[in-house]
């Protein structure tokens with residue numbers, strides 16, 4: 001029945017279902033005169049093309065010639081200040097220096113990582129959603145607009161070691177962001193300027209991200225009984241500042257999470273005080 005309704009379907013049934021659901025939700029918002037300010041219209045346009053192309057390629061050609069979202073409109077103009085800040089904080093240069101993905105798939109790593117960051121900021125949560133970076137006037141905002149297939153080939157070359165290289169990029173990028181605080185209209189660092197009597201609240205929690213398939217490097221059955229990737233999420237905040245993500249390192253899932261607080265305790269700065277918890281352990285630091 002599915003093949004009869006969509007004779008030219010080239011995606012999986014799950015991908016088709018996601019596309020139809022996205023278009024359906026957008027249709028409901030428009031029909032009920034609800035605001036679209038938080039809706040990812042370019043992504044839904046891609047979904048429309050997916051559904052129409054699966055029904056009839058000629059209908060898709062007609063749709064492309066008549067749709068009124070032209071080549072200059074940009075629904076995610078908020079990317080301009082975000083990616084400008086990323087550029088000034090050295091995201092591209094840091095990635096080119098620290099990330100070494102093999103073969104031609106790893107060429108221009110800085111631009112590709114920048115594209116992935118831009119896509120996620122714009123609301124993409126899958127490789128297919130990265131098509132929103134090539135819609136409308138996005139090419140006027142970004143130095144490079146890679147196809148989703150190119151970004152997918154880039155990510156599929158990653159090993160656990162490349163993830164750790166991105167950790168090195170992230171830590172240095174965070175330091176540069178702190179130095180670029182003046183671009184946000186303030187001379188204060190990301191955590192403000194806490195005094196000797198003030199507290200910096202550090203929250204470290206671990207999580208299991210479920211994955212499927214035995215080829216996923218670094219995955220395993222951990223304490224939760226779920227096959228997945230074990231990651232730590234560390235955030236810091238003060239009474240006057242919003243939380244800042246400090247790090248999100250991955251660990252081999254067979255590692256006992258109760259050892260994590262003890263390991264991190266030995267790496268703390270001499271002036272840090274407070275408590276640290278991770279799954280099975282709570283220790284003073």
Margin query: Condition first: closer than 23 Å to residue 79 by Cα and free of Cβ contacts under 8 Å to residues at least 12 places away in the same chain. Now tell me which residues in the stretch 37-57 satisfy that.
Written below: 37, 38
Margin query: Where the second residue is in a loop (DSSP other than H, G, I, E, B) and modelled with pLDDT of 80 or more and the first is surrounded by 14 or more Cβ atoms within 10 Å (Cβ to Cβ) and lies in the stretch 165-190, which pairs have Cβ atoms under 6 Å and are six or more apart or on separate chains?
Written below: 165/99; 173/89; 176/89; 176/90; 177/89; 180/89
Notebook entry, point to check: Could you count how many residues in the stretch 6-23 are surrounded by fewer than 13 Cβ atoms within 10 Å (Cβ to Cβ), at pLDDT 90 or above and part of a helix (DSSP H, G or I)?
Noted result: 2
Notebook entry, point to check: Restricting attention to the stretch 107-125, does a residue exist that is in contact with a strand residue (DSSP E or B) (Cβ under 8 Å, 6 or more places away or on another chain) and either assigned to a helix (DSSP H, G or I) or surrounded by 19 or more Cβ atoms within 10 Å (Cβ to Cβ) (or both)?
Noted result: no
Notebook entry, point to check: Give me the pairs: first residue in the stretch 90-106 and at positive phi and in a helix (DSSP H, G or I), second residue buried (at least 18 other Cβ atoms within 10 Å of the Cβ) and modelled with pLDDT of 95 or more, beta-carbon distance under 9 Å, and six or more apart or on different chains, which are they?
Noted result: none
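Do we have any residue at all in the stretch 146-153 that's within 19 Å of residue 82 (Cα to Cα), touching a helix residue (DSSP H, G or I) at 6+ places or on another chain (Cβ under 9 Å) and in contact (Cβ under 8 Å) with a residue 12 or more places away in the chain?
Let us first name the residues in the stretch 146-153 that are within 19 Å of residue 82 (Cα to Cα), namely 146.
Narrowing the set further to residues that are touching a helix residue (DSSP H, G or I) at 6+ places or on another chain (Cβ under 9 Å) leaves 146.
Of the ones still in play, those that are also in contact (Cβ under 8 Å) with a residue 12 or more places away in the chain are 146.
Checked against the condition, which is being within 19 Å of residue 82 (Cα to Cα), touching a helix residue (DSSP H, G or I) at 6+ places or on another chain (Cβ under 9 Å) and in contact (Cβ under 8 Å) with a residue 12 or more places away in the chain, the stretch 146-153 yields at least one hit.
Take residue 11 and decide whether it is closer than 16 Å to residue 135 by Cα and in contact with a helix residue (DSSP H, G or I) (Cβ under 7 Å, 6 or more places away or on another chain).
Working: closer than 16 Å to residue 135 by Cα: no; in contact with a helix residue (DSSP H, G or I) (Cβ under 7 Å, 6 or more places away or on another chain): yes.
In short, no.
State yes or no: is residue 137 in contact (Cβ under 8 Å) with a residue 40 or more places away in the chain and on the phi > 0 side of the Ramachandran plot? Write out each step before concluding.
Values: in contact (Cβ under 8 Å) with a residue 40 or more places away in the chain: yes; on the phi > 0 side of the Ramachandran plot: no.
For residue 137, the condition - in contact (Cβ under 8 Å) with a residue 40 or more places away in the chain and on the phi > 0 side of the Ramachandran plot - is not met.
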Notebook entry, point to check: Does residue 29 meet the test of being within 18 Å of residue 149 (Cβ to Cβ) and either without any contact (Cβ under 8 Å) to a residue 60 or more places away in the chain or in a helix (DSSP H, G or I) (or both)?
Noted result: no
Next item on the list: State all residues of the stretch 46-68 that are surrounded by 11 or more Cβ atoms within 10 Å (Cβ to Cβ) and either modelled with pLDDT under 85 or assigned to a loop (DSSP other than H, G, I, E, B) (or both); if no residue qualifies, say none.
Entry: 56, 64, 67
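May I ask you to say which residue of 203, 143, 187 is modelled with pLDDT of 80 or more and not in a helix (DSSP H, G or I)? Step through it out loud before you land on a result.
Numbers: 143 fails: modelled with pLDDT of 80 or more; 187 fails: modelled with pLDDT of 80 or more.
Testing whether each residue is modelled with pLDDT of 80 or more and not in a helix (DSSP H, G or I) leaves just 203.
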Check: Which residue pairs have Cβ atoms under 8 Å apart, sit 6 or more places apart or on different chains, and have a first residue in the stretch 4-23 that is in contact (Cβ under 8 Å) with a residue 40 or more places away in the chain and a second that is surrounded by fewer than 16 Cβ atoms within 10 Å (Cβ to Cβ) and assigned to a helix (DSSP H, G or I)?
Finding: 5/55; 6/55; 7/55; 8/55; 8/57; 9/2; 9/3
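The values are calculated or read from the model by the stated rules, or taken from the named source; none is laboratory data. Small disclaimer: the values here were computed from a predicted structure and weren't measured. Neighbour counts run over all protein chains shown; Cβ positions are idealised from the backbone, glycine included.
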